[in-house]
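The values are calculated or read from the model by the stated rules, or taken from the named source; none is laboratory data. Being a predicted model, the structure only gives us computed values, none of them experimental. Cβ atoms come from the backbone with ideal geometry, glycine included; neighbour counts cover every protein chain shown.
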Amino acid sequence: MSVIFYKEPQLKNSIMLCGWPGIGNIGISAIDTLREMLHAEEFAQIEPWDFFNPRKVLIEDGLLKDLEFPKSTFYFQRVKNQDLLFFIGQQQPAEAGTRYAEGQKAYEMAELVLDVAEKFGCWRVYTSGAAVTQIHHTIRPRVWAVPNSPNLVDELQEYENTILMSAAEAGEGQGMITGLNGLLLGVAKKRQLEAVCLMGEIPYYLQAAPWPYPKASKSVMEVLAKILNIEIDFGGIDRLAERVDKTITQFLETLYNAEGIPPQVKEQIEALRYARETRLGPITDEEQKRIMEHIDELFKGEDFDDEKRV
Amino acid sequence: MTKNAYKFSARPELQNPAMIVGWDHDAGKLSPRVLEYLNRRLNVEGFCRIEPERFFSLGGVAIEHDIAVFPESRFYYSRNYNVILFKSTEPQFEQHGFLNAILDVAQQYCKVKELFTVNAVIAGIAHTGSRVISAVFNQQALLRKFHNSELTNMTWQGPAAVSSYLLWLAGKRGIPAVSLWTKVPFYLAGVEDFPAIEKTLRFLGRTLNLDLDLKELDDQVRLQNEKIEHLRAQDTEIDNSIASLEGGFELSEQQQMDLIKRVAKTLEKPGR
């Protein structure tokens, strides 16, 4: 279990930005898009063997050519005298049957990522994910910011369109960040390393949808641009967000027209269109289950090939 | 990572044996039945096992066909035929560590010369057709060795099976290895596909000079075919579906489901 370095960049006082797949791929899209825009250079990888099984095999005319594992890659770049480290994980090291990282493997991965951060003089780490909430997809998502130290609260409150947990829905400052986005904050805290998780809002009715949610990724990128004091061209992500918006609208129309969707669920979703603060009342487990069943039905067959393994 | 993952109960003297790897769950029950058949016919003895605690959930035991089962990962050897068998449940966790434990025993202790994995691949074919064995090799030299055999070379890109992972790791260690993928008609995937089991055993018997008496299996093949022929004679829809497959046509999802259910029900009945 180790990190393979191709280069030893000379970095100091660096900031690390980490992205993993998750709901709507909000975090990884934001961080990876930023990495691409800044032309960050790859310099290290975490060996995959102890964390992941191969996800793809390539066999040509009887010869096993290669196995492909999920990559966990480090990049670096200097922007305006600020050294940046990026970590992009193509998969979270989940135990069998779980979607997000937890347990010993996740902890070991978090430790390895922070070993690299500290090796290159990192003083702050940002992770990014999704905040599932009752908003409509036509509304600009806010960014929920969770620091691992009270010293960071004042700074985070200065960023536009950014809220702390205490200002979010429940208003009690309580919650849970699942997977490595959350675990990394905890492990960093143990090392007395500053860390912040930036979570873009996503409508609850899209949390199981198989498409990305670029509108929330953009919100996260806007905050990061402010933090890093850089200009970002959002043209590409705006166009993607527009296409996804259209897909969502079509998806909802299909959902509304399908038999078995309770009219009150449609009313609840549509009410969100007009006011963020609308108190909608609880959605029952049964209603939620029926929504998810229809999502499953709509996308049935997409993973059909996964049934065959060689 | 593989330290203490395995435990020897005996230290037989081996002379660069071939090794056959099979898994407990497979379409047409091909892999477990091939390994069980070899276990019986080759008069093998167990000599090593991989300890389960790192690789399997041990929160209880599973129950299959009324019987409590526990993951077993055991090596056997046949003194007469210089063959090692490894039969196991596929690991739930730490595949890398588990597969390296197999290869540690195979390479460091047994000095295995060639490794075979036995697997089924579900296909849209009729049971009356031939069971083709597709092969995947981890070395060009081994591929050339089997060039004129009955094996067909596979081409595939997609999700990786544990056998492919084992093959890849064996290749990294320089152990020549081949995965055998015998085609099983989709409607026999949930039951025993005796022709596929027999075909695989015949190939292994010829390749490794194993003196295998397959008469018992021949009888099972005959009985299974008779039962399905009887079903075809009684049920026109099933007959048409199988005839379509024989003609190389695809079936609708509903036709496939009907065929699977009716054939399974027919084969469950004891006797002729």
Discussion item. Here's a check for you: in the stretch A:190-227, which residue that is under 14 Å from the mean Cα position of the chain (by Cα), part of a loop (DSSP other than H, G, I, E, B) and of a type outside the set (G, A, S) is farthest from A:Q157 (Cα to Cα)?
Written reply: A:P210
Worksheet item: If you check A:A130 against the conditions, is it modelled with pLDDT of 95 or more and at negative phi?
Response: no
Worksheet item: Any idea which of (1) within 28 Å of A:L252 (Cβ to Cβ); (2) surrounded by fewer than 21 Cβ atoms within 10 Å (Cβ to Cβ); (3) in contact (Cβ under 8 Å) with a residue 60 or more places away in the chain is the one A:I227 doesn't satisfy?
Response: (1)
Discussion item. Which of the numbered conditions does A:L183 fail, given that it passes all the others? Conditions: (1) outside any helix (DSSP H, G or I); (2) at pLDDT below 95; (3) among the aliphatic types (A, V, I, L, M).
Written reply: (1)
Discussion item. Going residue by residue through the stretch B:30-44, is there one that turns out to be surrounded by fewer than 18 Cβ atoms within 10 Å (Cβ to Cβ), within 27 Å of B:V121 (Cα to Cα) and at pLDDT below 90?
Written reply: no
Worksheet entry | So B:E192, is it of a type in the set (D, E), more than 10 Å from chain A (Cβ to nearest Cβ) and within 27 Å of A:K56 (Cβ to Cβ) | no
Worksheet item: Taking the stretch B:75-89, which residues are on the phi < 0 side of the Ramachandran plot and surrounded by fewer than 18 Cβ atoms within 10 Å (Cβ to Cβ)?
Response: B:R79, B:N80
Discussion item. Without any contact (Cβ under 8 Å) to a residue 12 or more places away in the chain, in the same structural domain as B:L151 (by TED's automatic domain parsing) and more than 24 Å from A:L58 (Cβ to Cβ): is that true of B:R202 in this structure?
Written reply: no
Discussion item. Given the options B:G28, B:G22, name the one that is in a strand (DSSP E or B) and not aromatic (F, W, Y).
Written reply: B:G22
Worksheet item: Quick one: would you say B:L169 is closer than 22 Å to B:C110 by Cβ and under 13 Å from the mean Cα position of the chain (by Cα)?
Response: no
Worksheet entry | Any hit, the stretch B:97-116, residues being polar (S, T, N, Q) and part of a strand (DSSP E or B) | no
Worksheet entry | Residue satisfying condition, being assigned by TED's automatic domain parsing to the domain that holds B:T89, touching a Pro at 6+ places or on another chain (Cβ under 8 Å) and free of Cβ contacts under 8 Å to residues at least 60 places away in the same chain, within set B:S134, B:S164 | B:S164
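Just wondering, is there one or more residues in the stretch B:116-125 that are of a type in the set (A, V, I, L, M, F, W, C) and more than 23 Å from B:H25 (Cβ to Cβ)?
Within the stretch B:116-125, not a single residue is of a type in the set (A, V, I, L, M, F, W, C) and more than 23 Å from B:H25 (Cβ to Cβ).
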Practice prompt. Would you list the strands (runs of 3 or more DSSP E) that sit entirely within the stretch A:1-73 and hold 3 or more residues that are under 22 Å from A:A225 (Cβ atoms)?
Written response: A:14-19
Worksheet, complete the sentence: Note on the stretch B:94-133: residues among the polar types (S, T, N, Q) and within 14 Å of chain A (Cβ to nearest Cβ) are B:Q95, B:N100, B:T117, B:N119
Item to complete: Determine, yes or no, whether A:E47 is closer than 20 Å to B:L99 by Cβ, touching a residue at least 24 places away in the same chain (Cβ under 8 Å), within 12 Å of another protein chain (Cβ to nearest Cβ) and under 26 Å from the mean Cα position of the chain (by Cα).
Response: yes
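Yes/no per residue for (1) modelled with pLDDT under 95; (2) surrounded by fewer than 22 Cβ atoms within 10 Å (Cβ to Cβ); (3) not aliphatic (A, V, I, L, M):
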position	(1), (2), (3)
B:N138	no, no, yes
B:E150	yes, yes, yes
B:N153	no, yes, yes
B:L169	no, yes, no
B:F186	no, yes, yes
Item to complete: For the stretch A:74-92, indicate whether the set of residues that are at pLDDT below 95 and within 14 Å of another protein chain (Cβ to nearest Cβ) is non-empty.
Response: yes
